[in-house]
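Computed from the coordinates by the stated procedures, all read-outs in this text should not be read as laboratory data. Small disclaimer: the values here were computed from a predicted structure and weren't measured. Neighbour counts run over all protein chains shown; Cβ positions are idealised from the backbone, glycine included.
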Amino acid sequence: MDIVSVNRVRRLLAQYGEKFFERMLTPGELDDCRTSGGLDVLSLCGRIAAKEAAFKTLRVRGRFLPWPDIVVRRSEGGWPLVELYGPAADMAAESGISEITVSISHDVDYAVAVAAPIIAPTPSAPTPFHSSSS
């Protein structure tokens with residue numbers, strides 16, 4: 001789970017502009033957050049929270065969040081999808097994670113996201129054969 005302050009993101013956007021968020025979000029993610037009036041701050045906060053929450057599911061220590069390698073896109077149905085690339089995909093594989101699902105919600109002051117890993121099925125061990133003699 002992660003929470004992002006809308007006021008903090010508004011301040012960063014006012015101070016540094018959209019360029020600041022290009023380090024964290026891909027062009028496609030930024031487009032998903034764009035309206036005719038510019039970037040929608042609530043959508044931007046939701047994406048950031050979702051990336052942080054997804055990263056937390058990887059359970060890695062001493063690694064930095066690979067912002068551009070965790071992509072949160074809008075599905076055709078409107079719900080968020082998490083795509084992992086490069087180091088993020090490697091971290092997921094090392095942790096036995098095949099996929100990450102995420103839910104995003106936002107209100108006036110905060111955006112929150114909850115992510116859940118889907119554990120890759122492990123090959124089952126062969127069942128031992130037991131014979132009984134009569």
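Note on the chain: dipole from Cβ charges, positive end direction compared against ILE118, GLY28, VAL60; the farthest Cα belongs to VAL60. Between helix 6-16 and the chain there is an angle of about 60 degrees, using the helix long axis and the longest principal axis of the Cα atoms. Taking θ as phi - 60° and the Karplus parameters 6.51, -1.76 and 1.60, the scalar couplings of the range 46-56 work out to x, 5, 5, 4, 5, 5, 4, 5, 4, 4, 4 Hz in sequence order, x denoting glycine and proline. Summarising the amide proton neighbourhood of VAL60: residues at separation of 5 or more, or on other chains, whose placed amide H is nearer than 5 Å comprise an empty set. Across the options ILE48, GLY77, ILE100, the greatest Cα extent toward the positive end of the charge dipole of the chain (unit charges at beta carbon of Lys, Arg, Asp, Glu) belongs to ILE48.
Each residue of the range 84-98 was assigned a 3J(HN,Hα) from its phi angle through the Karplus expression (A = 6.51, B = -1.76, C = 1.60, θ = phi - 60°), giving 10, 9, x, x, 5, 5, 5, 4, 4, 4, 4, 8, x, 9, 9 Hz with x at Gly and Pro. The dipole here belongs to the range 1-67: it is taken about the Cα centre, uses +1 on the Cβ of Lys and Arg and -1 on the Cβ of Asp and Glu, and is about 400 debye. About its Cα centre, the dipole of the chain is roughly 380 debye, where the only charges are +1 on Lys and Arg Cβ and -1 on Asp and Glu Cβ.
Comparing GLU94, GLU76, GLU29 in a Gaussian network model of the chain (Cα springs below 10 Å), the most mobile by mean-square fluctuation is GLU76.
For the peptides 10-17, 102-109, 44-51, 64-71, the ranking by mean Cβ contacts within 10 Å, running from highest to lowest, is 44-51, 64-71, 102-109, 10-17.
With P(r) over Cα pairs in 5 Å bins from 0, in percent defined as stated, name the option among [x] 2, 8, 13, 14, 10, 8, 7, 6, 7, 7, 7, 6, 4, 2, 1, 0; [y] 2, 12, 23, 27, 21, 12, 3, 0; [z] 2, 10, 18, 21, 17, 11, 6, 3, 3, 2, 2, 2, 1, 1, 1, 0, 0 computed from the structure displayed. This structure yields the entry labelled [z].
Across the range 62-71, coupling constants 3J(HN,Hα) worked out from phi with the 6.51/-1.76/1.60 Karplus curve, θ = phi - 60°, read x, 10, 8, 5, x, 2, x, 8, 10, 10 Hz, and Gly and Pro carry x.
Calculated mean residue ellipticity at 222 nm for the chain: -9500 deg cm²/dmol, from DSSP H runs with n ≥ 4 weighted as -39500 (n - 2.57), summed, divided by the residue count and rounded to 500.
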